[in-house]
Amino acid sequence: MTASDLLVSVVAPLRNDADIVASFVADTVAMLKAHYLHFELLLVDDASSDDTQRVLDDLLMRHESVRVIRLSRSFGSEVAIAAGLDAAIGDFVAVMMPDSDPPALVPQMVEQSRDGAGVVFGIRRDRAAEPWPLRLGAAFFYGACNRFFGLNIPKNSTHFRVLSRQAVNAVVQIRDRNRYLRTLSAYVGYSSQSVVYDTITRRARRRSKSVLAAVKLALGILVANSLQPLYLVVGLGLAVVAANIGFLTYVVTVYLVNREVAEGWTTQSFILGAMFGALALQSTVVAAYLARLLGEQQDRPLYFVREERQSSVSNPVDRMNIVTDSVER
Amino acid sequence: MSLATANRVWDAVVIGGGFFGTVLATELRRRGAQTLLLEAGPTLLGRASRRNQARVHAGYHYPRSFLTGLRSRINAPRFIAEFRECIFDDFTHYYGIGRNFSKVTGAQFRRFCERIGASVAAPPAAVRRLFNPVFIEDVVQVAEVTFDANRLRGRVTRDLHHAGVAVELDTSALRVARSAGAYLRVAVRGPEAERSVGARRVFNCTYAAINRLNDASGLPIIPLKHELTEMALVEPPAELRGMGVTVMCGPFFSLLPYPPLDLCTLSHVRYTPHAAWHDRSGAPRVDPDDRLARNARVSAFPYMIHDVTRYLPALAACRQVDSIWEVKTVLPRSEADDSRPILFRRDHGLPGYHCVTGSKLDNAYDMLEVVLERPDAGVAAS
């Protein structure tokens, strides 16, 4: 494939991003125009409730090859990205977070992908700007994933990535509702490479994730990708059952040998507590997986699209004399 | 001809030698009216009637506009019967239903076809396998044909001749105005000079240019939406020879035989329109021919082919030969529901001056009936 045939797509999810989307689109389209003859920028609006759509109306008139997909309600950024990947036509598709990922890095990542990497993903250099509970939690999460859960998630990897058409075609076949692009693009295989980069920020104050949201995300990634927690609990349950059998044997033996058994309240309470504790733990985990299973088995579409629009400018010569509709729609 | 016709008053002057203009002129003449047909270009049926997808709509295309679908079921067989020698049906046509972004589902599409009485059949397994199931939900085989624009031109030319319609090519209508008597005068510019012709009735059938004459004559502008469109002319790969493919119903595409050139047209809902503008009163008017001439004609084929190969991987091997560029005109009201009604404005600003336009050839039957049989139809409500 020669450079002139190359078509590069950029997919970015939006959610109440009216303040930054204009600068993101301007930077990204300028970068794409400078490097590629054919490109598209796909913005997936995850049902923003702010001015995002109005800003987009204006951007569609000013920039070429921009497409907007508007979801019918908020499905979350991961599903918004999935909708973007479904619609992207590029030979290479970059996924970017509009607030934090630098467009200037895309050409380099596309080159790496052209050289054979199915996925080129970004790793943020420095998390110093984040609050310490998040950083600590992240360190714990990555450590636990690698050590206990058999889940190799590159430390500090972000959503920022370039996927080859082959990798995109594989990812779009996975219709999991609880989806994490970071683990999905590793799951589909193909070779991967990483790029360490400094995140940027288009906002004066970056929106930071709450600790609760981070914990939810961590649990979600674990449950979606690893059966280790279930196996650990099953192991624990087996151990408790074995200990219980030993203890019962001991109790029976003591009963047979020693005829003066009167107290035992402490022991009884201990057994009850341990057993119920283990049972509760087990049923919680089983319930979590069952819920996941049920969620995946409902054969519903992953998302619904409210509308799709595209730039009303196709090339610079066409920029004059364009009147967009204001009354008929 | 121009000398002989200089001072006479025609019963009818039809402006625009596209399909609507030619069939209307023929029918008027057959009913006894002395009729003059003016065509600005060098040939009849040289513009939008030729530069389109050549689809003879059998209704399948309009699951979101029941009436358009139903009228197609009535008019298409009539068109096919009347223009038998112009029909190209040496291919099998399949409709694919897109999975993620389609406005209809496979089940809805089948039910719609059933309701309008359009037949659908299961495609052979080998054909089904050509479609990527990740993006295509359902594939059905339909009975829908195309027409050969060259043959159609020959046919309408003969019809005009046999009926006795006077035809002037390379002649455009500049203005229309009320004359001293009970008739209209049309200022025309032919190959030689400007002159004017008298007429009792004038029909403006100039499609995209309909407001050019209205504007120049100081008549109300009809709100219309125009699109500058590109259809790629392609040579399909061997696996797809003898096949037509339409993917519905949303930002998808069709690949249909284009008999005059023995190629296929590839059109894409997202990439075929290159620019859009509106005719509306008060706004600066964009001349369609001028707009078409100014277009840089940077083909969107790379975008089309990147998208369509996701649905139909075999298309990766198709080769672009050329593109057809034309201005397509739709009624602003059709944008939401994808309907294709005929626009008829009787006595548009002037008694005896009528504007007629449509987007489908077989609609000509409805057009003739409304224009010639129903004197009350087409009177603007406002």
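Quick check: pseudo-label points 7 Å beyond the Cα along Cα→Cβ at A:Leu248 and B:Ala180, how many nm apart are they?
Result for the modelled spin labels: 12.1 nm.
Given R₀ = 45 Å, what would the calculated FRET efficiency be for B:Gln320 paired with A:Leu236, taking r from the Cβ atoms and rounding to 0.05?
Efficiency at R0 = 45 Å is approximately 0.10.
Could you list A:Val211, B:Val9 in order of exposure, starting from the residue whose Cβ has the fewest other Cβ atoms within 10 Å? Provide the component values of the computation, followed by the final result.
Working: A:Val211 13, B:Val9 16.
The order, fewest Cβ neighbours first, is A:Val211, B:Val9.
Measure off 7 Å from each Cα along the Cα-to-Cβ vector at B:Asp287 and A:Arg73, then give the distance between these two points in nanometres to one decimal.
So the two model labels end up 5.4 nm from each other.
State the volume of the convex hull built on the alpha-carbon positions of the protein assembly as shown, expressed per residue in Å³ and rounded to an integer.
In the protein assembly as shown, the Cα convex hull volume per residue is 204 Å³.
Using a 10 Å cut-off on Cβ atoms, rank the peptides A:163-173, B:54-64 from the highest mean neighbour count down.
B:54-64, A:163-173
For segment A:162-220, what does the alpha-carbon gyration tensor say about shape, rounded, prolate or oblate, given a ≥ b ≥ c as the root eigenvalues, a/c under 1.5 as rounded, and a/b over b/c as prolate? Provide the component values of the computation, followed by the final result.
Values: a/c = 2.46, a/b = 1.42, b/c = 1.73.
The shape class here is oblate.
Give a quick list of trypsin sites (Lys or Arg not before Pro) in segment A:56-125 that DSSP marks as loop, anything other than H, G, I, E or B, with at most 11 other Cβ atoms within 10 Å.
Qualifying residues, ordered by number: A:Arg73, A:Arg125.
With a sphere of radius 14 Å drawn around the Cβ of B:Met243, what net charge do the other residues whose Cβ falls strictly inside it have (Lys, Arg +1; Asp, Glu -1)?
Details: positive: B:Arg128, B:Arg129, B:Arg241; negative: B:Asp89, B:Asp90, B:Glu144, B:Glu235, B:Glu239.
Net charge around B:Met243: -2.
So if R0 is 25 Å, what FRET efficiency would B:Ala126 and B:Leu67 give, r being the distance between their Cβ atoms, rounded to the nearest 0.05?
FRET efficiency, B:Ala126 to B:Leu67: 0.10.
Straight-line reach only, C-alpha to C-alpha below 20 angstrom: list the aspartates and glutamates that A:Lys209 could link to, leaving out same-chain residues fewer than 8 apart.
A:Asp17, A:Asp19, A:Asp45, A:Asp46, A:Asp50, A:Glu78, A:Asp99, A:Asp101, A:Asp126, A:Glu130, A:Asp198
Taking amide H positions as placed in the peptide plane 1.01 Å from N, state which residues far from B:Leu174 in sequence (5 or more) or on other chains have amide H under 5 Å from it.
Under 5 Å from the amide H of B:Leu174: B:Ala187, B:Val188, B:Arg189.
Report the net charge of residues surrounding B:Ser359, where surrounding means a beta-carbon distance below 10 angstrom and charges are Lys +1, Arg +1, Asp -1, Glu -1.
Every neighbour counted, the sum reads +3.
Let's see if you can work this out: charge +1 on each Lys and Arg Cβ, -1 on each Asp and Glu Cβ, no other charges. What is the dipole magnitude of segment B:157-250 about its Cα centre, in debye to the nearest 20?
With only Lys, Arg, Asp and Glu charged at Cβ, the dipole is about 660 debye.
Hey, got the dipole for the protein assembly as shown? About the Cα centre, +1 on K and R Cβ, -1 on D and E Cβ, debye to the nearest 20?
With only Lys, Arg, Asp and Glu charged at Cβ, the dipole is about 640 debye.
Lysines near B:Lys328 by alpha-carbon distance under 21 Å, same-chain residues fewer than 8 away left out - which ones?
B:Lys225, B:Lys360
Give me the compactness ratio for segment A:122-207, meaning the Cα radius of gyration over 2.2 N^0.38 Å. Write out the running numbers ahead of the final one.
Values: Rg = 14.6 Å, N = 86, 2.2 N^0.38 = 12.0 Å.
In units of the 2.2 N^0.38 Å rule of thumb, it is 1.22.
Give me the distance between the Cα centres of segment B:229-284 and segment A:85-118, rounded to whole Å.
Answer, in whole Å: 29.
Taking Cα atoms, how many degrees apart are the long axis of helix B:66-82 and the longest axis of chain B, rounded to 10 and kept between 0 and 90?
80
Explain nothing, just compute: Karplus ³J(HN,Hα) = 6.51 cos²θ - 1.76 cosθ + 1.60, θ = phi - 60°, for every residue of segment A:171-179 in order, whole Hz, x for Gly and Pro.
Values per residue, Gly and Pro as x: 4, 5, 7, 8, 9, 4, 6, 8, 10 Hz.
Of all DSSP beta bridges located in the protein assembly as shown, what percent are antiparallel, nearest 5?
Antiparallel bridges make up about 60 percent of those DSSP assigns within the protein assembly as shown.
Helix B:364-373 versus the longest principal axis of chain B: what is the Cα-based angle in degrees, 0 to 90, to the nearest 10?
30
By a straight-distance test (C-alpha under 26 Å), which lysines pair with A:Lys216 as possible cross-link partners, with residues fewer than eight away in the same chain excluded?
A:Lys155
More than 25 Å apart: what percent of Cα pairs in chain A qualify?
On the way: 32266 of 53956 pairs.
In whole percent, the share of Cα-Cα pairs in chain A beyond 25 Å is 60.
Put a dot 7 Å past each Cα toward the Cβ at B:Arg195 and A:Lys33; how far apart are the dots in nm?
The modelled label-to-label distance comes out at 5.2 nm.
Just to check, using Stokes-Einstein with a Kirkwood Rh over alpha carbon pairs, what's the diffusion coefficient of chain B at 10 °C and 1.306 mPa s in µm²/s?
So the translational diffusion coefficient is about 73 µm²/s.
List the residues, sorted by chain then number, that are 5 or more residues from B:Val167 or on another chain and whose placed amide H is less than 5 Å from its amide H.
So B:Val167 has HN proximity to B:Leu37.
Taking a ≥ b ≥ c as the square roots of the Cα gyration tensor eigenvalues, with a/c under 1.5 meaning rounded and otherwise prolate when a/b beats b/c, else oblate, which class fits segment B:65-174?
Prolate.
Any chance you could give the angle, 0 to 90 degrees and rounded to 10, that helix B:301-311 forms with the longest Cα principal axis of chain B?
Here the helix axis deviates by roughly 40 degrees.
Pop the C-beta distance of B:Leu261 and B:Arg30 into the FRET formula with R0 = 30 Å and round what comes out to the nearest 0.05.
Result of the calculation: an efficiency of 0.40.
By the scheme Lys and Arg +1, Asp and Glu -1, what is the net charge of all other residues having a beta-carbon under 12 Å from that of B:Asp90? Before the final figure, lay out each step's value.
On the way: positive: B:Arg241; negative: B:Asp89, B:Asp148, B:Asp262.
Result for the local shell: -2.
Each reported figure results from applying straightforward, stated rules to the coordinates on display, with no laboratory input. The shown structure was predicted, so the numbers you read here are calculated from the model rather than taken from an experiment. Cβ sites come from the backbone with ideal geometry, for glycine too, and all protein chains shown count toward neighbours.
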